[in-house]
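Undergrad: A single structure is presented below for examination.
The values are calculated or read from the model by the stated rules, or taken from the named source; none is laboratory data. From a predicted model like this one, the values you see are computed outputs, not experimental measurements. Using ideal geometry, Cβ is built from the backbone for each residue, glycine included, and neighbour counts are taken over all protein chains shown. Surface accessibility is based on the protein's heavy atoms, side chains included, excluding ligands, DNA and RNA. Shrake-Rupley method; radii C 1.70, N 1.55, O 1.52, S 1.80 Å.
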Amino acid sequence: THQLRERQHLWASLSRGFRAGGFNIGTSVPDDRQQFDDEYLWSAEFGWKGMGADGGRAADINAFYTRRSHPQVATSLQLDPEDPLTFMFLSENARAAEAWGIESAATLRITARTEIGAMLSWMDSRYLGYRFGERNLDGREFAHAPAWKSALSATWRHPAGWMARLDLSGEAGFYFDASHDQRSGSRFLANLRAGYDAGHWSIHAWAHNVFDERYPGAKAK
């Protein structure tokens with residue numbers, strides 16, 4: 001970490017990760033897929049963080065690159081196309097994978113009682129040297145890995161304890177699995193919250209997905 005000014009600094013990190021291999025349990029799992037290997041990861045990040053003197057504004061931005069060796073890929077398989085009882089989930093290894101991108105966030109107090117916030121991230125990912133059966137997935141993006149995510153919020157707070165908040169969020173579509181080409185569409189959601197905070201207790205009313213948009217959930221990464 002390098003301090004630029006009293007409330008601004010640059011930072012960088014280099015980390016090494018490891019995840020142990022294991023077994024796909026089940027009597028019907030093919031012999032060549034009963035075991036999957038260890039996964040290793042190198043991750044490099046660098047960025048900037050800053051805050052205003054009065055605490056009324058703050059921002060940060062960082063870029064990252066990750067390189068995975070023998071990444072463990074969670075996927076699915078149906079041994080007999082005519083028999084759904086032969087469907088199974090399993091893990092296997094690609095030769096390698098990589099991802100890089102940018103993440104940024106900012107908050108700004110526009111009045112004594114109102115604050116807005118925003119977040120935007122972008123990521124490009126791809127498998128390297130990965131085949132699923134007859135499917136060549138070299139260069140394809142990870143499953144459940146949206147290329148971009150965004151969020152916008154506005155919060156109002158009264159000194160007496162009343163509050164209201166609006167959250168808008170969105171993300172790009174993504175592949176569901178390595179075993180097929182089905183993708184989700186991009187989605188945008190709106191959430192509302194209002195209530196009263198008395199210090200030792202609080203009460204809130206909320207509504208999530210107020211426009212009733214139907215969408216699949218992305219796995220956390």
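Undergrad: With every protein chain left in place and a probe of 1.4 Å, what is the accessible surface of Val210, to the nearest 10 Å²?
TA: Using a 1.4 Å probe on the heavy atoms, I get roughly 60 Å².
Undergrad: To continue, here is another question. For the range 98-152, compute the orientation-averaged projected area of the C-alpha convex hull (one quarter of its surface), in nm².
TA: Approximately 4.3 nm², given one-decimal rounding.
Undergrad: Provide the net charge surrounding His2, with neighbours chosen by a C-beta distance below 15 Å and charges set as Lys +1, Arg +1, Asp -1, Glu -1.
TA: 0
Undergrad: Going by accessible area, probe 1.4 Å, with all protein chains left in place, what is the ranking of Ser186, Ser125, Ser169, largest first?
TA: Ser186, Ser169, Ser125
Undergrad: So, one more: Search the structure for amide H atoms under 5 Å from the amide H of Asn93, placed 1.01 Å from N in the peptide plane, and list their residues when 5 or more places away or on another chain.
TA: Asp37, Val73
Undergrad: Leu79: net charge of surrounding residues, Cβ under 14 Å, Lys/Arg +1, Asp/Glu -1, itself excluded? Present the calculation step by step, with values, prior to reporting the outcome.
TA: On the way: positive: Arg33; negative: Asp31, Asp32, Asp80, Glu82, Asp83.
Residues close to Leu79 contribute a combined charge of -4.
Undergrad: Taking every pair of distinct Cα atoms and averaging 1/r, then inverting, what Kirkwood hydrodynamic radius in Å comes out for the chain?
TA: Values: mean 1/r = 0.0477 Å⁻¹.
Value: 20.9 Å, from the Cα pair sum.
Undergrad: Restrict the search to the range 86-133; then list the trypsin sites (Lys or Arg not before Pro) that DSSP places in a loop and that have at most 13 other Cβ atoms within 10 Å of their Cβ.
TA: Listed in order of number, the matching sites are Arg113.
Undergrad: I'd like the Karplus ³J(HN,Hα) series for the range 89-104: coefficients 6.51, -1.76, 1.60, θ = phi - 60°, whole numbers in Hz, and an x wherever there's a Gly or Pro.
TA: 9, 8, 10, 8, 10, 8, 5, 6, 7, 8, 8, 8, x, 9, 10, 8
Undergrad: Please check the chain for the longest run free of chymotrypsin sites (Phe, Trp or Tyr not before Pro) that are loop-located per DSSP (anything but H, G, I, E, B) and have at most 14 other Cβ atoms within 10 Å.
TA: Longest site-free region, per DSSP loop and neighbour criteria: 1-200.
Undergrad: Scan the chain and report its longest stretch carrying no GluC sites (Glu not before Pro) that are both in a DSSP loop and have at most 15 other Cβ atoms within 10 Å. Please list the in-between numbers first.
TA: Values: sites that count: Glu6, Glu82, Glu134, Glu213.
Here the longest run is 135-212.
Undergrad: Continuing with this model, one more query. For the range 17-30, just list the computed ³J(HN,Hα) in residue order, Karplus coefficients 6.51, -1.76 and 1.60, θ = phi - 60°, integers in Hz, with x standing in for Gly and Pro.
TA: Coupling constants for the range 17-30: x, 8, 9, 5, x, x, 10, 8, 7, x, 6, 9, 5, x Hz.
Undergrad: Report the trypsin sites (Lys or Arg not before Pro) located in the range 1-36 that are in a DSSP loop and have at most 14 other Cβ atoms inside 10 Å of their Cβ, or state none.
TA: Within the range 1-36, the qualifying trypsin sites (Lys or Arg not before Pro) (loop, at most 14 other Cβ atoms within 10 Å) are Arg7.
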